[in-house]
Amino acid sequence: MAGETHGLPVAELGKTEAGNYFVANYPPFSLWTPERVGEATDRLQTRGDPSNPLGLYVHIPFCRKRCHFCYFKVYTDRNKDDIRAYLDAVIAEVERLGRTPFVEGRTLDFVYFGGGTPSYLSTEQLRYLFDGLRGAVSWEGAREIAFECEPGTLNEKKVHAIAQLGVTRLSLGIENFDDDVLEINNRAHRSRQVHDACAWAPSAGFEQINIDLIAGMVGETPENWRRCIERALEMAPDVVTIYQMEVPFNTTIYRDMREQGREIAPVADWPTKRQWVADAFDAFEAAGYHVASAYTVVKDPARTKFVYRDALWDGADMLGTGVSSFGLLGPVHYQNRHRIEQYVEEVERGASAIYRAMTMTDEERMIRQFVLQMKLGRLSRRPFIERFGVDVFDRFADTLQAYAQSGLLSIEGDVLTLSREGLLQVDRLLHAFFLPEHREVRYA
Ligand code: SF4
């Protein structure tokens, strides 16, 4: 991270260097340790707060190919038996969690199937998984069942089967519409499959369909990005999520950079990526969409909620299940084992799958909620006073003033609003709100 003056990072983010840009959580993951696993397992033995929403995240770590920009835990070489063993382990893990005092008596408010590629599973495997999970925990009345797809893993029947399983939010990982860009980045699908998926999904009955795009993939050009925006507009999905390409250390792109002795990633610089997202936001606003966060535009904000994101950023409890998943139990963060063999083995022998954990202080919880909600582009100080007894506008006065003077945000009464410029670079602004000892910590 750059040094700071008055809370404002000194260096403009120019060329894309390796490292994590996106702030997914707080405190940084590298502070969660194996020595503190007991804090999570103990927490599961205490009653959860029934007034706090409870969610379930299920990680499906299989993909057809590994994208060059991918930093997730994924496997591309597993057979049917491996997958069955993994699904059995996930079901067993959820059964076990469902019997803990923390979960007993509570129903799930939201469920998220992420990966990896949940749609890599066959319809039969999906039915098996859903049946097993439903037998373990109740999600009757859940506000959202979200499910990530890679377009090339779908066929018309499967799309309808996913809807019949109760999925309410289908998310299509399109990333780019151009076959050359998809190929250069080692993405498994091609534009033909995007076209098919987009033709099948709307008639299947999902409450909402999201498409994911990435601004600044390797090989991206201004002309192609313009075409991507046009194609996305033609599809008219309920939500469009646009990430700015980052190059974390555990990606193929970074491995190649290291081998070639390069410090700068072969992708557009940050100002260009920001501009591309700004152009997309402008085009969608002109078409009647609304900017709902630093990464999303939605067609109808009254109808289209993203329960998983909003609940999580508001401190909801979440059971993170499957290999390398992240979970939150009140103030306790945890992450599961990150090798699939180890994960399955631990669950099969009836042990906890948790690998590392940490308990947040009240101050860390307050900061977590503050930085995550900044990504929505707007927050009120009142909930922080009510929940934590902290006036965040006083607590962060110097940094907020510096950002306001730079035109990145404004404060009126109880409400803080990021300007478009601030919103488009919000992740790089957040580190200034971290506790000093967390600002230089590697985010992995
Ligand atoms: S599809 Fe997603 S999870 Fe799978 S390799 Fe590509 S980026 Fe990673």
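The values are calculated or read from the model by the stated rules, or taken from the named source; none is laboratory data. This one's a predicted model, so the numbers in the text were calculated from it and none came from an experiment. Don't worry about glycine lacking a Cβ; one is built from the backbone with ideal geometry, like all the others, and counts go over all protein chains shown.
Based on what the data block shows, is ARG226 under 30 Å from GLY14 (Cα atoms), surrounded by fewer than 23 Cβ atoms within 10 Å (Cβ to Cβ) and basic (Lys, Arg)?
Answer is yes for this residue.
Name the single residue that is nearest to the ligand (Cβ to nearest atom) among those in segment 87-128 being closer than 30 Å to ASP42 by Cβ and β-branched (Val, Ile, Thr).
Ranking the candidates gives VAL90 first.
Output the number of residues of segment 60-86 satisfying the condition of being among the basic types (Lys, Arg), within 16 Å of the ligand (Cβ to nearest atom) and either over 30 Å from GLY19 (Cα atoms) or in contact with a strand residue (DSSP E or B) (Cβ under 7 Å, 6 or more places away or on another chain) (or both).
Number of matching residues: 1.
Could you please give the count of residues in segment 129-163 that are in contact (Cβ under 8 Å) with a residue 60 or more places away in the chain and away from the ligand (no atom under 16 Å from the Cβ)?
Qualifying residue count for the region: 6.
For segment 22-59, which residues satisfy the criterion of being more than 16 Å from the ligand (Cβ to nearest atom), under 23 Å from ALA142 (Cα atoms) and either of a type in the set (A, V, I, L, M) or part of a strand (DSSP E or B) (or both)?
Within segment 22-59, LEU44, LEU54, GLY55, LEU56 meet the criteria.
Return the residues of segment 269-295 that are surrounded by fewer than 22 Cβ atoms within 10 Å (Cβ to Cβ) and either free of Cβ contacts under 8 Å to residues at least 60 places away in the same chain or not assigned by TED's automatic domain parsing to the domain that holds PHE206 (or both); say none if nothing qualifies.
Answer for segment 269-295, where residues must be surrounded by fewer than 22 Cβ atoms within 10 Å (Cβ to Cβ) and either free of Cβ contacts under 8 Å to residues at least 60 places away in the same chain or not assigned by TED's automatic domain parsing to the domain that holds PHE206 (or both): THR272, GLN275, ASP279, ASP282, ALA283, PHE284, GLU285, ALA286, ALA287, GLY288, HIS290.
Taking only pairs six or more apart or across chains, which ones have beta-carbon atoms under 6 Å, a first residue in segment 356-368 that is under 14 Å from TRP32 (Cα atoms), and a second residue that is in a loop (DSSP other than H, G, I, E, B)?
Hits for this filter: ARG356/TRP32; ALA357/TRP32; MET358/TRP32; THR359/PRO331; MET360/PRO331; GLU364/PRO27.
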